[in-house]
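Supplied in structure tokens, the structure appears directly below.
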Amino acid sequence: MEATDVIRVMADPQRFRVLAAVALGATDREQIGTMSGVDARGVLAATSRLESAGLLAGGPGAFRVDFPALRDLVRREAVPAREALADGDELDRFVRDDRLRSLPSKRTRRHAVLAHIVKTSFDEQSAYDEKAVNEILERWCEGSGVDHVAMRRYLIDHQLMFRVRGVYARTSETLPAPGDAERYMEAIGLD
């Protein structure tokens, strides 16, 4: 089972409702139909497809969601990509000479590349205004076609950087307390 297969299977609303019914305790097709609001023919098709995708186990009368298989899928998808990017050869596909060549589309790889950029460019105990963050990211993005503003958003989305009123830091503890951000911005002339 691959993540893309799971997404394709779950993209169908009827299959999604059937899987939800099983997750909520339905074990046979009749219960599944009652709980999901899907007709008998739809339940049969959905359970067959969910079983072939590896999301359901147990068979008719004893259906259950195969949570161990889902956990294994998450481990396979998340962990190897981060470990692979820890290897310098893999990281070189995206970063070379402190410049970003491209940004991976896969979330786990993108996270690893962004974590590398944050680790090498931002001090853990410092706070940065937006202009300083932009300057650092612009240097990384130079010649790559990657937008530094999108990267800044990714840093927040991936929780590699935190932001309060235009002040950025690697840890939320480093950010100024409420009201301090405004005083900081005034002090550096960005009010």
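Any idea how many residues of the range 148-180 are more than 12 Å from Y128 (Cβ to Cβ) and either of a type outside the set (D, E, K, R) or at pLDDT 90 or above (or both)? Quick ask: steps written out before the conclusion?
Narrowing the range 148-180 to residues more than 12 Å from Y128 (Cβ to Cβ): 148-151, 153-154, 156-160, 165, 171-173, 177-180.
From the residues that got through so far, the ones that are either of a type outside the set (D, E, K, R) or at pLDDT 90 or above (or both) too are 148-151, 153-154, 156, 158-160, 171-172, 177-179.
Total meeting the criteria: 15.
Another one. How many residues are at pLDDT 90 or above and either of a type in the set (S, T, Y) or exposed (fewer than 14 other Cβ atoms within 10 Å of the Cβ) (or both) if we restrict to the range 29-62?
10
What number of residues within the range 114-157 are among the charged types (D, E, K, R), in contact (Cβ under 8 Å) with a residue 24 or more places away in the chain and open to solvent by less than 40 Å² (accessible area, probe 1.4 Å)? Lay out the reasoning, then the answer.
So in the range 114-157, the residues among the charged types (D, E, K, R) come out as 119, 123-124, 129-131, 135, 138-139, 142, 147, 152-153, 157.
This time we only want the ones that are in contact (Cβ under 8 Å) with a residue 24 or more places away in the chain, so: 123-124, 129-131, 139, 142.
Keeping just the survivors that are open to solvent by less than 40 Å² (accessible area, probe 1.4 Å) gives 129.
Adding up the residues that qualify gives 1.
Could you grab the pairs with beta carbons closer than 6 Å, sequence gap of 6+ or different chains, first residue in the range 1-29 and within 15 Å of F63 (Cα to Cα), second one exposed (fewer than 14 other Cβ atoms within 10 Å of the Cβ) and modelled with pLDDT under 90?
Final answer for the pair search is D28/G61.
Can you spot a residue in the range 89-107 that is open to solvent by less than 30 Å² (accessible area, probe 1.4 Å) and of a type in the set (D, E, K, R)? Talk me through it step by step, then tell me what you get.
Our first condition is that a residue be open to solvent by less than 30 Å² (accessible area, probe 1.4 Å); within the range 89-107, this holds for 91, 94-95, 100, 104.
Within this subset, residues satisfying the condition of being of a type in the set (D, E, K, R) are none.
No: zero hits.
Here is a yes/no grid of residues against (1) among the small types (G, A, S); (2) under 19 Å from D5 (Cα atoms); (3) not in a helix (DSSP H, G or I):
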{"residue": "A26", "(1), (2), (3)": "yes, no, yes"}
{"residue": "E30", "(1), (2), (3)": "no, no, no"}
{"residue": "T34", "(1), (2), (3)": "no, no, no"}
{"residue": "V38", "(1), (2), (3)": "no, no, yes"}
{"residue": "A46", "(1), (2), (3)": "yes, yes, no"}
{"residue": "E51", "(1), (2), (3)": "no, yes, no"}
{"residue": "G54", "(1), (2), (3)": "yes, yes, yes"}
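Look through the range 63-85, keep the residues that are open to solvent by less than 40 Å² (accessible area, probe 1.4 Å) and within 24 Å of V113 (Cα to Cα), and return whichever of them is modelled with the lowest pLDDT. Talk me through it step by step, then tell me what you get.
Filtering the range 63-85 for residues open to solvent by less than 40 Å² (accessible area, probe 1.4 Å) gives 63, 65-66, 69, 73, 78, 81, 84-85.
Subset that is within 24 Å of V113 (Cα to Cα): 73, 78, 81, 84-85.
Working: L73: 76, A78: 59, A81: 45, A84: 49, L85: 58.
The qualifying residue modelled with the lowest pLDDT is A81.
Within the range 91-99, is there a residue that is in contact with a helix residue (DSSP H, G or I) (Cβ under 6 Å, 6 or more places away or on another chain) and modelled with pLDDT of 70 or more?
Applying the first criterion (in contact with a helix residue (DSSP H, G or I) (Cβ under 6 Å, 6 or more places away or on another chain)) to the range 91-99 yields 91, 94.
Cutting the leftovers down to modelled with pLDDT of 70 or more gives us 91, 94.
Scanning the range 91-99 turns up at least one residue that is in contact with a helix residue (DSSP H, G or I) (Cβ under 6 Å, 6 or more places away or on another chain) and modelled with pLDDT of 70 or more.
The values are calculated or read from the model by the stated rules, or taken from the named source; none is laboratory data. What you are looking at is a predicted structure, and each value in this text was computed from that prediction instead of being measured. With ideal geometry, Cβ positions are generated from the backbone for all residues, glycine too; neighbour counts draw on all protein chains shown. Just so you know, the surface numbers come from the protein's heavy atoms only, side chains and all, with ligands and any DNA or RNA stripped out. Shrake-Rupley method; radii C 1.70, N 1.55, O 1.52, S 1.80 Å.
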